[in-house]
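Below you'll find the structure, written out as structure tokens, and then a few comments.
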Amino acid sequence: MVIITCGAIYLVVAVATIPISILMYRDVTAESEAYAQPSFYLDSALKALTYELAFAVIGSLLIFAGWSIRKRKNYWVSVIGSVIGCLPLPLVILSFFPSAWALWNLSRSGIREQFHTNPIGSSKR
């Protein structure tokens, strides 16, 4: 559940800051057209948009990995999501320890067997 929360925070922060980057991009392009020269801040605005989209993808992956762990489905998605949660990103304190704990638990044979005994198409209630 903690990984889902970490992913949701990544996603919310990324989506909430996209309008700021778009406004920064619009202001910079209007300024550069007025002076007919490229601006340093134009690259910064595009990099900010790229980072925000990357964080949105990472947040979505963490949410899906947390959901997969909770439902005991998609073992490799859970492992990949836990590894990505351990990467040194700006919100590393938020996601490192829960992701490392989930990765440690996913490596145990008893947990791995729970993923393999649950068929993909069945739902467990």
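The values are calculated or read from the model by the stated rules, or taken from the named source; none is laboratory data. Nothing here was measured: the structure is a model prediction, and the numbers come from that model. Ideal geometry is used to build each Cβ from the backbone, glycine not excepted, and the neighbour counts take in all protein chains shown. Side chains included, ligands, DNA and RNA excluded: accessible areas come from the protein's heavy atoms. Shrake-Rupley method; radii C 1.70, N 1.55, O 1.52, S 1.80 Å.
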Restricting segment 64-91 to residues that are among the aliphatic types (A, V, I, L, M) and farther than 18 Å from Tyr51 by Cα, the one most open to solvent (accessible area, probe 1.4 Å) turns out to be Ile80
Restricting segment 77-122 to residues that are closer than 17 Å to Ile4 by Cα and among the polar types (S, T, N, Q), the one modelled with the lowest pLDDT turns out to be Ser95
Within segment 1-49, residues being part of a helix (DSSP H, G or I), modelled with pLDDT under 65 and surrounded by 15 or more Cβ atoms within 10 Å (Cβ to Cβ) number 5
